[in-house]
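The values are calculated or read from the model by the stated rules, or taken from the named source; none is laboratory data. This structure is a prediction, so every number in the text was calculated from the model and none was measured. Positions of Cβ are generated from backbone atoms using ideal geometry, with glycine treated the same way; all protein chains shown enter the neighbour counts.
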Amino acid sequence: MELLLIRHAKAENVAENAAASDAERALTKSGRKQAAKVGLFLKRNELVPDVVLASPLVRARQTAEIISDNAVAPRPIIEPWLACGMRAEVALNELSAYDQFQRVALVGHNPDFEYLASWLLGSQCGGIHVGKATMIHFSRVSPPSQGACLELMLPVSVE
């Protein structure tokens, strides 16, 4: 399996509604542009995922939807295990349910993705910085086993 880890794009510092929770923070205008760039990059470089899985938090869902639209990928599937606090071992176990797909995209959060990326490369102590809207492409992923080959890491910025 190929795995695309995509951290959500830039979001509001606090939810628009002061009474709302962190889970309800939406993407900013800049964040929407970041997500669109990731989707267009995937399409242009023939890295369109067969399935897109997203955290249930608003900023991750919005990122996944914009990426899917711009990459012409399937609509995102919301997976509760991708919410903040995901552990690498859990992610790999859950990914086993998607082993029929060649390329799977996960849209979620830090520090979870930093730990997962490090875990896939054989480290259990972090060491990889995953900025907003960064996409990391791994090949040779065999859930639930640890290990993968790093193909590409693309940080996205907006002028």
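Observations on the structure shown:
- The listed residues are K43, K33, and the only one of them that is touching a residue at least 60 places away in the same chain (Cβ under 8 Å), at negative phi, in a helix (DSSP H, G or I) and surrounded by fewer than 20 Cβ atoms within 10 Å (Cβ to Cβ) turns out to be K33.
- Each residue in segment 111-125 was checked for being surrounded by fewer than 23 Cβ atoms within 10 Å (Cβ to Cβ), of a type in the set (G, A, S) and within 19 Å of M1 (Cβ to Cβ), and 2 pass.
- Long-range neighbours under 7 Å by Cβ, at least six apart or interchain, first residue among the acidic types (D, E) within segment 131-159, second modelled with pLDDT of 90 or more: E151/H137; E151/F138; E151/S139
- Screening R75 on (1) touching a helix residue (DSSP H, G or I) at 6+ places or on another chain (Cβ under 9 Å); (2) at pLDDT 95 or above; (3) surrounded by 21 or more Cβ atoms within 10 Å (Cβ to Cβ) shows it passes everything except condition (3).
- Taken as a whole, segment 88-111 holds at least one residue that is within 23 Å of A9 (Cβ to Cβ), within 11 Å of the chain's Cα centre (by Cα) and at pLDDT below 95.
For (1) in contact with a Ser or Thr (Cβ under 9 Å, 6 or more places away or on another chain); (2) polar (S, T, N, Q); (3) buried (at least 20 other Cβ atoms within 10 Å of the Cβ); (4) more than 23 Å from L27 (Cα to Cα), each residue gets a yes or a no:
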| residue | (1), (2), (3), (4) |
| --- | --- |
| Q100 | no, yes, no, yes |
| L106 | yes, no, yes, no |
| H109 | yes, no, no, no |
| G127 | yes, no, no, yes |
| A133 | yes, no, yes, no |
| I136 | no, no, yes, no |
| R140 | no, no, no, yes |
| G147 | no, no, no, yes |
| M153 | yes, no, no, no |
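- Summed over segment 115-159, the residues that are closer than 21 Å to Q62 by Cβ and not hydrophobic (A, V, I, L, M, F, W, C) give a count of 6.
- Per the listing N70, N13, the residue uniquely of a type outside the set (S, T, Y), assigned to a loop (DSSP other than H, G, I, E, B) and surrounded by fewer than 22 Cβ atoms within 10 Å (Cβ to Cβ) is N13.
- Among all residues of segment 114-123, there is none that is within 29 Å of A26 (Cβ to Cβ), free of Cβ contacts under 8 Å to residues at least 24 places away in the same chain and in contact with an Asp or Glu (Cβ under 6 Å, 6 or more places away or on another chain).
- Annotation: C84 fulfils all but one of (1) part of a helix (DSSP H, G or I); (2) over 17 Å from V104 (Cβ atoms); (3) among the hydrophobic types (A, V, I, L, M, F, W, C); (4) in contact with a Leu (Cβ under 9 Å, 6 or more places away or on another chain); the unmet one is (1).
- With respect to the conditions (1) farther than 21 Å from H129 by Cα; (2) surrounded by fewer than 19 Cβ atoms within 10 Å (Cβ to Cβ), V58 lacks only one, and its number is (2).
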